[in-house]
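Take a look at the structure below.
The values are calculated or read from the model by the stated rules, or taken from the named source; none is laboratory data. Since the structure is predicted, the reported quantities are computational estimates derived from the model, not experimental observations. Heads up, the Cβs are rebuilt from the backbone with ideal geometry, glycines too, and the neighbour counts pull from every protein chain shown. Surface areas here come from the heavy atoms of the whole protein model, side chains and all, with no ligands, DNA or RNA. Shrake-Rupley method; radii C 1.70, N 1.55, O 1.52, S 1.80 Å.
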Amino acid sequence: MEEVVVVEGPSSGYVVKNRPYLLSCKALNAKKIRFKCNSKWIDESRIENKLGTDPSTQMAFMEGRVEISRAEVEAGFPMEDFSCQCYASRTSDSDVVRSNPARVKPASTPRATAQKCVSRNHQPSGP
């Protein structure tokens, strides 16, 4: 039996405004993909899994996706990074392979960034 291989792990990125960030993962020879963020498993009902076949190699793969909300990311921010990994496995929990971690951060709005710059550059005027 072929081993499970993560061929595309989740990418780091930013939650912009109220649009969730989409984490995705693709693994060969997997029957199950799960995500773990900040040491907590994402509820499986939130994960969209689909089976496919790579047209160039004819190898079967499973792709998993989950949306991460700004509220989730900001729950521990800025004290800790919001970090997620993909876990791919066969039908049982044997042959589990995990991806490299991806970091998800809240994007700064232009207004917030401008306010930070103004407050840093503001010098009190004196007599």
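Of the residues making up region 1-23, those that are touching a Cys at 6+ places or on another chain (Cβ under 7 Å) and more than 13 Å from Ala60 (Cα to Cα) are Glu8, Gly9, Pro10, Leu23.
Residue pairs whose Cβ atoms lie under 6 Å apart, separated by 6 or more positions or on different chains, with the first residue in region 16-29 and over 21 Å from Pro101 (Cβ atoms) and the second open to solvent by less than 40 Å² (accessible area, probe 1.4 Å) and part of a loop (DSSP other than H, G, I, E, B), are Asn29/Val4. Quick one: in region 1-46, which of the residues that are of a type in the set (D, E, K, R) and assigned to a strand (DSSP E or B) is surrounded by the most Cβ atoms within 10 Å (Cβ to Cβ)? So the residue we want is Lys26.
Exactly one residue out of Glu44, Glu3, Glu80, Glu74 is touching a Pro at 6+ places or on another chain (Cβ under 6 Å), of a type in the set (D, E, K, R) and at pLDDT below 95, and it is Glu74. Among the residues of region 47-61, those that are assigned to a loop (DSSP other than H, G, I, E, B) and hydrophobic (A, V, I, L, M, F, W, C) comprise Ile47, Met59.
Screening the candidates Cys37, Cys25 for the property of being hydrophobic (A, V, I, L, M, F, W, C), closer than 14 Å to Val5 by Cα and touching a strand residue (DSSP E or B) at 6+ places or on another chain (Cβ under 6 Å) yields one hit, Cys25.
Filtering region 13-21 for residues that are at pLDDT 90 or above, within 16 Å of Ala88 (Cα to Cα) and touching an Asp or Glu at 6+ places or on another chain (Cβ under 8 Å) leaves an empty set.
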